[in-house]
Structures are given as structure tokens and as C-alpha cells.
Amino acid sequence: MLEQFLAELKRAWIQFRRYPGEAIGGIFIITSVFYGLFLSAKYIAGPGLNFGDRLDAVIVGYGLWTLVTFVLFDIAGNLQSEAQTGTLEQLFLSPWRASRVFLLRAIANLFVQMLLLSCIVTLIMTLTGRFLSFPITLILPLFAVLLGAYGLSFAMGALSLLLKRVQQIIAIVQFTLLFLLTAPTEEWTGVGRIVGFLLPMSGGAGVLRDLMARGGDLDWGRLGLALLNGVVYFSLGLGLFGWAERYAKRWGKLSGY
Amino acid sequence: MISLGVGKMGDQQILQVEGLEKSYRIKKDWIRAVRSVSLDLSAGEVLAFLGPNGAGKTTSIKMMAGLVRPDGGKVRILGGDPHREAPVLRHVGAVLEGNRNLYWRLTPEENLEYFGVLRGLSRRVARSRGRELLDRFELSHKRNAVVQQLSRGMQQKVAIAVALVHDPKLILLDEPTLGLDVEATMVVKRLVREIAAEGRGIILTTHQLDVAEELSDRVAIINQGSIVRMARTQDLIAAFSGGLYEVVMEDLPEAIAEKVVALGALVEGNTIRVPETDLLYGVLDIVRPGVILSVSRQQANLTDIFLELVQGDR
Ligand SMILES: Nc1ncnc2c1ncn2[C@@H]1O[C@H](COP(=O)(O)OP(=O)(O)OP(=O)(O)O)[C@@H](O)[C@H]1O
Ligand SMILES: [Mg+2]
């Protein structure tokens, strides 16, 4: 398992190093979009504006959005491009379960992506002059969010196995995502509270916002719920992926027929 | 089905396929892509799958590799079922149709290491196996060039090397010489022979009948999903060659020609065609002491056989 993870990491790293243009272009676009939004908000609101911890929360949300977007489309994007280039079937020829191969690969890609994300967040923090805190406990809610993200990623992967083309869906999902990660579901009451708990990733994102932007302490109860939520979405995603794999083998669709 | 598999390397059964069935639905119609395909393969044996486009070759191969689930029938690789026991796939290496089968942004060496680990080797073993294969396939000088920059022939060699990296017993090659030039085709043919000689079982599909004729111990001719004929390549060619001889004379006088025709041979200018071996000596007696320029046996080749079997079936 470790061997395979290292092999995936090496592969991800080589591809990044050999073709850095795409990744660096990505950093540039993501950062400038944020900065553009920030400047125009500032311009509209006038010089007296003080975003305060709202801005910090927005930065956290934006960083998280970038990260989760990446995770979410990683498996589906991989499946799709490998079906086109013809390596997909070779992956399914391995003695491991396909879901294991894709999960290890997605995590390896995430490591490389984390590197880029730290550049983005550092850039944004320098540009806006707001510095977030990075307590070590942030790993826990981040983990909860990522669990959910990988679950949805497997679900998207399942879709792309079945449909082969997922571009159209990507745009829709991406903005739903922005909502999920920035909606203050922790402030919702009544039915909203239950809905907020059921939505994927938003609970974990809330805990993360508290930790990083508001400098609050870790709320173990909410964290527990967020983790539970993550585990459920992760299992659902895996299940869906396994089903799609069987379907694809039944109808000879692995190679993009 | 009669088993014709007499492998060169003893009789270790590598693959057993029994009654494979596969139908696909396209809109409202069902097409039977593969119908009761059965075969077996021993160590060291090369079996060529021949058939027109859409005959079901690729579908059959993918069912053997566990990539397409059969509607019926069974596949056993060294006794294990690739559809149920994923570890069985350690014994399988495949280069699939028209695909690249490789990461174009990685070098041959990196591809070999990556796929070696994916097939269950440790990174260290994968690396050393990879280096061995690169040496053997005369690719060492290209081991640090990204695959994208290699010629089509070299890419195919790398793909075959990758299929071998984990030392599998069964090799599936779907159109391994597709799009290769004469020289690259020769190299691939040589490699296939070598790989088989190491005691692996190989199934390959091809549209190049000369390739099948040279490489295979047995051929299976498949048409509209069914195997219409399976036999040892040499036997099949012999069976279809009949006993046709051609005797070319320097000069063939009218009177002699008439005698020859009366015996049952055909005459065309100075050439006598003898349809059966038994007649040959009678014909030679008649033409004595005329000058014979050549006597030759007309070999049928797989192309003729293939056309006859496949078209006869329509
Ligand atoms: N996934 C699929 N969905 C629907 N039909 C399919 C699928 N895969 C194969 N077929 C059909 O099954 C039949 C057999 O196809 P297959 O690819 O096995 O033929 P083949 O012998 O490999 O042909 P070729 O020489 O062109 O490669 C064809 O009619 C093809 O259209
Ligand atoms: Mg084919």
C-alpha cells in the first residue's frame, strides 16, 4: 500500500515538475480571481470598509473551495482522460480494487496540490494583509471535509464511468460547492440546522472557519458530527463507484465505448 | 470441442475458456458479440485470433482479462477466475487494441516502474525488472525520453515491456502490429516468439494474416461471434493446400498436352496444373523426356483459408 502510494506520488510529482505550466497558470488564475473580487468589493464599499473576521472567513472558504474543487474532479477527470489515452483499462488490470488505486492516486495528487494551495493562500494573505491562524487541530475538520469531498469525488467518478462526459455537470457542481463551503450552516436554526448537518462538507467547513478565522476553540461535538457526515458521504461515494464499475464491465464501457 | 493444444513446453494449462457469451444492446436491438467461445492455451503456445471487423475478438480478449463481464461461460487463468479473484490478474499482461497503454508524459523507465508497482511488485523489484526489459528490448538509450517523443514502433515495444514487467504467464495482445512499419512489425514478431519461448501463453489478434501465419502455433477463426474453425496453423494450411502442383515445361507439344488433359490435369500454355498428388507421377511419365523448367507445390496461405471460411459462412 505504501509502495503504491509512493509510486503514485512519484508519478504525480514527475508530471507536475515536467509540465508545471498548467499548475502555475492555475495558481495565477485562482489568486487573481480572488484579488479581483476583493478589490471590487473594497471599491464598492468605500475606503472605510472593515471586513474584519468576515474577510478571514471568506479567505478560508475560498481556499477550501479551491482545494475541494480539486479533489472533487480529480477522480472523474482522471478517469476521463485515461479513458481517452487508453491507460484506464491497464489500471483495471491490476490485482487491487480500482477504488483503492484511484483513492491512493487522488491522495497523492492532493499532496502536490497542497503545495500549490499554500502558495495561493500565502499570496492572498499578503495581498489582503489579513493573516489567518493555523492551529494544528485544523487537521481534524479538514479531514472531515476531505472525507466528504472524496466521497463526492467517487460519485462523480461513477458518473463519468457511466456517461463518459461530465464537463456539463462540473459547472453546476462547482457553484453548489461554493455554497456548501461558505454557507454559515452553524448559524442556522430549527429545520435548517438538521439540513445543515445533512449537507455534505458544510459542517466541517464551519468548524474550520471557527478555528482559522475566528480564533475559536475546537468544538468536539460539532467536529464529531462533521466526521460522521464525512464517513457517510465517503461510504456512499465508494458504493456508487463500485456499482458503476460493475455496470461498466457489464456493458463493456471501461474503454469509453 | 476437441482440444488441440499441445504446447511446446510440456502441457501446463495456462488458460481455459468455456462457452463465453456476450450480447450488447444497441438501441432496441441486441447483438451477440460473442457466442459460445471455448478454447484453451498451454505454456509456450501462441494462439492467433483471426476474424473480420466486429467479429468479437476484442470482446473475447477483454472477457479473458476480466475487463468485460461475460453473460455466460467461464474463464480460468491458472485455475483462478479473473472476474472473482482479482489476485489472478497478477498472471495476466495485456496490450490492448489501438490504445497507448502508457503514460505519455512519463519515460519508458518511469512507466515500467509505475505499472510494476501497480501489478504488485515492490518499487525496487519493479525498477530492476524495468531495466532488464529495456536492455532486452534495446530501448535503454531511450529510457529517459518521454514516451510521447518515441516512434510508434518503440512505443509498442515499451507497451509490451510494461505488459511483461510483473512476469505474467498469460499475455494478451490485441492487434500488436497495428500501424507499425515493416521493420517494427518484424521486431514485434521476434519479441512475441521470444516471449512464448520463455513458457508464457500468448493470445494475439491481428488482421495481418501473414503475421498470424508466421507466429502462431494455432489459429482460431472467429466470425460473427463464433469460432468457425480452430486448428494448428500448419495443419490448417496443409488441409487447404490440397495437392496442387504446377509443372512448367520448356515446350509442350499439342499431342502431349492432350494426353495430360485426358489424365485429369489442366493445361495453360506451357504450364500444367495437377490437382492431385497421385496424378503427378503419371503426368511426369507422359511429358518424359521433355525439358521441365520447374515443379512446384502451390501452398494455400491463411489469407485464402480465411476468406473461404469467413465468406462461406455468410
Ligand atoms: N461496449 C459495447 N457496446 C455495444 N456494442 C459493442 C460493445 N463492444 C463491442 N460491441 C459490438 O460487438 C461486436 C464485436 O466487437 P469487437 O470489438 O469484439 O470486434 P473485433 O473482432 O475486435 O473487431 P475489430 O477487428 O474491428 O477490432 C461489434 O459488433 C461491436 O460493435
Ligand atoms: Mg478489436
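Here are a few things to note about the model shown:
- Counting only DSSP beta bridges with both residues in chain B, the antiparallel share comes to about 65 percent.
- Among B:L173, B:L280, B:L78, the largest mean-square fluctuation in a Gaussian network model of chain B, built with springs joining Cα atoms closer than 10 Å, belongs to B:L280.
- For the stretch A:2-250, the solvent-accessible area of protein heavy atoms averages 46 Å² per residue (probe radius 1.4 Å; ligands and nucleic acids excluded).
- Eigenvalues of the alpha-carbon gyration tensor of the protein assembly as shown, scaled by 5 and square-rooted, set the equivalent ellipsoid semi-axes at 65, 23, 20 angstrom, largest first.
- Share of carbon and sulfur in the accessible heavy-atom surface of the protein assembly as shown [1.4 Å probe, %]: 59 percent
- The reciprocal of the average 1/r between distinct C-alpha atoms defines the Kirkwood hydrodynamic radius, which for chain B equals 21.9 Å.
- For the protein assembly as shown, DSSP calls about 65 percent of its internal beta bridges antiparallel.
- Listing of the stretch B:113-144 residues, each with accessible area lower by at least 20 Å² in the full protein assembly than in the chain alone (probe 1.4 Å): B:E113, B:Y114, B:F115, B:V117, B:L118, B:R119, B:R123
- In the stretch A:1-35, the residues whose accessible area drops by at least 10 square angstrom when the other protein chains are added to the isolated chain are A:E3, A:Q4, A:L6, A:A7, A:E8, A:K10, A:R11, A:I14, A:Q15, A:R18, A:Y19, A:E22; the probe is 1.4 Å and only protein heavy atoms count.
- Most mobile of B:G225, B:G44, B:G54 in a GNM of chain B (Cα contacts under 10 Å): B:G54
- Magnitude of the charge dipole, the stretch B:243-298, Cβ model with Lys/Arg +1 and Asp/Glu -1, debye to 20: 120 debye
- Chain A: DSSP helices with Cα axial extent of at least 30 Å and average Kyte-Doolittle hydropathy no lower than 0.0: A:20-45, A:53-85, A:98-128, A:139-163, A:220-250
- The calculated FRET efficiency for the pair B:R32 and A:R250, based on their C-beta separation and a Förster distance of 22 Å, comes to about 0.90.
- Other protein chain Cβ atoms within 10 Å, averaged over every residue that makes up B:88-95: 2
- Space enclosed by the convex hull of the alpha-carbon atoms of chain A, per residue, Å³: 142 Å³
- The contact residues of the stretch A:83-105, meaning those that lose at least 50 Å² of 1.4 Å-probe accessible area when all protein chains sit together rather than their chain alone, are A:T85, A:T87, A:E89, A:Q90, A:L93, A:P95, A:W96.
- Heavy-atom accessible area buried between chains A and B is around 3400 Å² (1.4 Å probe, both sides summed).
- Kirkwood hydrodynamic radius over Cα pairs of the stretch B:186-297, then Stokes diffusion coefficient at 10 °C and 1.306 mPa s, in µm²/s: 92 µm²/s
- Accessible area (Å², per residue) of the stretch B:13-238, counting only protein heavy atoms and a probe of 1.4 Å: 38 Å²
- When the charge dipole of the protein assembly as shown is built from unit charges on Cβ atoms (+1 for Lys and Arg, -1 for Asp and Glu) and taken about the Cα centre, the candidate among B:F137, A:L199, B:A48 whose Cα reaches farthest toward its positive end is A:L199.
- Within the listed set A:G148, A:G224, A:G192, the Gaussian network model of chain A (springs between alpha-carbon atoms below 10 Å) gives the highest mean-square fluctuation for A:G192.
The values are calculated or read from the model by the stated rules, or taken from the named source; none is laboratory data. Remember, predicted model here, so these are calculated numbers, not experimental data. Heads up, the Cβs are rebuilt from the backbone with ideal geometry, glycines too, and the neighbour counts pull from every protein chain shown. Heavy atoms of the whole protein, side chains included, go into the accessibility calculation; ligands, DNA and RNA do not. Shrake-Rupley method; radii C 1.70, N 1.55, O 1.52, S 1.80 Å.
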